[in-house]
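Read-outs throughout are calculated quantities, based only on the coordinates presented, and are distinct from any laboratory measurement. Small disclaimer: the values here were computed from a predicted structure and weren't measured. Neighbour counts run over all protein chains shown; Cβ positions are idealised from the backbone, glycine included.
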Amino acid sequence: MLPLLTLALAAAPTPPVELLRQAMAEVAIAQVKRIDEKWQPEQRDCAGLVRFSLRQAYRRVDPSRLERPLFTARTGPTDFADAETLLGFSFVGLTKDVSAATVRTGDVLAFRQPRESGDVFHLMLVVAPADRAHGEVHVVYHPGEKDAPVRAGRLSELTRDAPGEWRPVPQNPSFLGVFRFKEWPS
């Protein structure tokens, strides 16, 4: 009987990535309106928004996945990862092209600002409409300051109107590109 159970578990379908993407977007957008009390104040920064939104998405769609750490660090699986560690071990870089055709909900835009005290990384979550013909791609992010609200805006405005170091364009050396969670291959 045990081999049949093992075979059945191995054949169990994984949840569709699209459901996880949608749940992640819903969680992130909800933080713009009102920060969830479950999101610990000491973890409220750009990477914290990514971690919290991803965890909450799995909690809704595939809670068994939370039985092991979602993230990876230099030392192996972990429950906590800062922005640099997320980019280096749990996400994969895709492109510097942020056109609506390349970005998907749940992707992150990544930036690195050189500072004398060390590089500062910043992440913004992408939220794309289901019907791109009738909606615009947005980004949701936490600016990093203590007690700051989560913000959202149109990707097109960020690309056009943001200060140069925050524009997600290939010519910006601070823009690292679009990254995707490694468990979401497509």
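Provide the net charge surrounding Phe52, with neighbours chosen by a C-beta distance below 11 Å and charges set as Lys +1, Arg +1, Asp -1, Glu -1.
On the way: positive: Lys38, Arg44, Arg51, Arg55, Arg59; negative: Asp36, Asp45.
Local net charge: +3.
Springs join every pair of Cα atoms under 10 Å in this Gaussian network model of the chain, and among Asp161, Asp147, Asp131 the largest mean-square fluctuation is at Asp131.
Taken about its Cα centre, the chain carries a charge dipole of about 240 debye when Lys and Arg each add +1 at the Cβ and Asp and Glu each add -1 at the Cβ. When only Cα pairs below 8 angstrom with a gap of at least 6 residues are kept, region 16-181 shows a relative contact order of 25 percent. For a straight C-alpha distance cut-off of 18 angstrom, the aspartates and glutamates reachable from Lys33 (same-chain residues fewer than eight places away being disregarded) are Asp45, Glu145, Asp147. Result for the chain in a Gaussian network model with C-alpha springs under 10 Å: among Ala81, Ala23, Ala130, the largest mean-square fluctuation is at Ala130. Sort all Cα-Cα distances of region 16-181 into consecutive 5 angstrom bins from zero, then give the percent of pairs in each bin up to the one containing the longest distance. For region 16-181, the binned pair fractions read 1, 9, 18, 23, 23, 15, 8, 2, 0 percent. Using the charge dipole of the chain (Lys, Arg: +1 at Cβ; Asp, Glu: -1 at Cβ; taken about the Cα centre), state which of Val32, Leu49, Pro16 has its Cα farthest towards the positive end. Of the candidates, Pro16 comes out farthest on the positive side.
Straight distance only, please: which lysines reach the Cα of Lys182 with their own Cα at less than 28 Å, same-chain residues fewer than 8 apart left out? Candidates past the 8-residue exclusion: Lys38, Lys96. Near Ser174: Cβ cut-off under 13 Å, other residues only, Lys/Arg at +1 and Asp/Glu at -1. The net charge is +2.
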